[in-house]
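Written out below as structure tokens is the structure these notes cover.
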Amino acid sequence: MKVLLEENEIPEHWYNIVADMPNPPHAVLGPDGNPVTPEALAPLFPAGVIEQEVSAERWIPIPQEVREIYRLWRPSPLHRATRLEAALGTPAKIYYKNEGVSPAGSHKPNSAVAQAYYNKQDGTKKLVTETGAGQWGSSLALAGQMFGLEVLVYMVKISYEQKPFRRSMMQTWGANVVASPSTDTQAGRDVLAKDPDSNGSLGVAISEAVEIAAQNDDTNYALGSVLNHVLLHQTVIGLEAKKQFEKVGDYPDMIFAPCGGGSNFGGVAFPFFADMASGKSLRLVAVEPASCPTLTRGHFAYDFGDVAGLTPLTKMYTLGHDFMPPGIHAGGLRYHGDSALVSQLYNEKLIEAQAVNQLETFEAGVEFARQEGIVPAPESNHAIAAVIREALACKESGEAKTLFFNLSGHGHFDMASYDRYLAGELTDYDYPEEEIQAALDRLPKVDEPV
Ligand SMILES: *Cc1c(COP(=O)(O)O)cnc(C)c1O
């Protein structure tokens, strides 16, 4: 069963959770230990985005031009997974929002389109960004094309070579894609001088993109997750879902989403948090890989967003900015840190987190594909695995909970990972406790402002 909305039901505002949080977010700090001012962000981001990054307004209007582009695929469908429920023999009801219907195949264009719009408004000519697995790069390539902006993407070299079709997709949408480390930037040249065969990393690619944006007046940087404005843009997911649940006269008891930097989790869960803030009982669960257990085992501390330490310091759950991600197949969930908003809510026990191992996630994804037809992204499989755990617990207890998760994307570009799973070549990996403890010593030392 599918629950559909009309195009005129695309939300007219984004929801800003800061207005409903019991405590204000921790300040973001500059290299001198003082809070970063909005002006300091101006070389990288457009005014509209900076305003949203620091806003405490509950409702922020979605520009008409952005809603027009959203109409290409939004509102996205809410599905009831009746075949999966039957296969599991659970009394629980399982619903999911399908963000895989966007042209790029994930939720990421919800923010890419908004960011491209505010840049166009500000007279930016070119956007530069980094991409790991390619999902953010393709979303920004699409969005840049929609608003007539040039897009330059530093793609981690190993992915550039191993995921040629994500690269062709970006090029089809007119983006220029460069394998990182590159000789374009000082950051890239430094890495290549030490290791000419470097495979690259997200941290290096971020450093390259930020360097280009900082040096060129007509060029801005765009980030696909983690920051407050990105989570804000993603709230269209949860806002639509609330209308869809209203249509069928139901309401979730628990909401699940995969969590990398936190944008699709925030997007689906935050609008429901507004109901929790006014007394409704509801559980919001972020699901992460056991191999990159940022929320469940990381430190809540100030840390950098990148390997080189070029970004401001954010108070967040972190595994250390020099965290080397193990080679798991959910590329979008391999970040060392997490959204400051998600981190704070988790620290204050207002949301929950679970970690799942890789084999269980693919097992869940294959079961989902066989029952519901859609082949999910490996990231989305994390939420599915957690939902299946809960649905089976309901079977034991006889409870008929309403479970809802975000299907953040489809897996059509990730079939090599499914191949390896089906061939029995994937293994589980729990991030070692020694590494987590060792990261504590490498966290930057800061005096926290009170
Ligand atoms: C990028 C990505 C994620 C993880 O990023 P978040 O910012 O945590 O949402 C999850 N699923 C898909 C399909 C992605 O592309």
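The values are calculated or read from the model by the stated rules, or taken from the named source; none is laboratory data. Every value quoted in this text rests on a predicted model; they were computed, and no experiment measured them. Cβ atoms come from the backbone with ideal geometry, glycine included; neighbour counts cover every protein chain shown.
Cβ separations smaller than 7 Å between residues 6+ apart or across chains give the following pairs from region 186-208 residues that are assigned by TED's automatic domain parsing to the domain that holds Ser159 to residues that are among the hydroxyl-bearing types (Ser, Thr, Tyr) and part of a helix (DSSP H, G or I): Ala187/Ser207.
Is one or more of the residues making up region 134-144 outside any helix (DSSP H, G or I), touching a Gly at 6+ places or on another chain (Cβ under 9 Å) and within 13 Å of the ligand (Cβ to nearest atom)? Yes, because at least one residue in region 134-144 is outside any helix (DSSP H, G or I), touching a Gly at 6+ places or on another chain (Cβ under 9 Å) and within 13 Å of the ligand (Cβ to nearest atom). Taking (1) within 14 Å of the ligand (Cβ to nearest atom); (2) not in a helix (DSSP H, G or I) in turn, Met169 satisfies each apart from (2). Mind checking whether some residue in region 212-220 is outside the structural domain of Gly188 (by TED's automatic domain parsing) and either touching a Leu at 6+ places or on another chain (Cβ under 9 Å) or under 23 Å from Ala114 (Cα atoms) (or both)? The answer is no; no qualifying residue exists.
The condition (being under 18 Å from Pro326 (Cα atoms) and in contact (Cβ under 8 Å) with a residue 40 or more places away in the chain) is satisfied by just one residue among Leu345, Leu350, Leu359: Leu359.
Counting only strands (runs of 3 or more DSSP E) that sit wholly inside region 306-413, those with at least 2 residues that are surrounded by fewer than 24 Cβ atoms within 10 Å (Cβ to Cβ) and either among the acidic types (Asp, Glu) or within 15 Å of the ligand (Cβ to nearest atom) (or both) are 352-356. Taking (1) exposed (fewer than 13 other Cβ atoms within 10 Å of the Cβ); (2) within 26 Å of Leu313 (Cα to Cα); (3) without any contact (Cβ under 8 Å) to a residue 40 or more places away in the chain in turn, Leu41 satisfies each apart from (1). Where helices (runs of 4 or more DSSP H) sit wholly within region 1-109, those with at least 2 residues that are under 30 Å from Asp217 (Cα atoms) occupy 47-53, 64-70. Kindly indicate whether Asn98 is in contact with a Pro (Cβ under 9 Å, 6 or more places away or on another chain), closer than 23 Å to Lys243 by Cβ and of a type in the set (S, T, N, Q). Yes, satisfied.
Scanning region 13-30 for residues that are more than 21 Å from the chain's Cα centre (by Cα) and surrounded by 13 or more Cβ atoms within 10 Å (Cβ to Cβ) yields Ala19, Asp20, Ala27, Leu29, Gly30.
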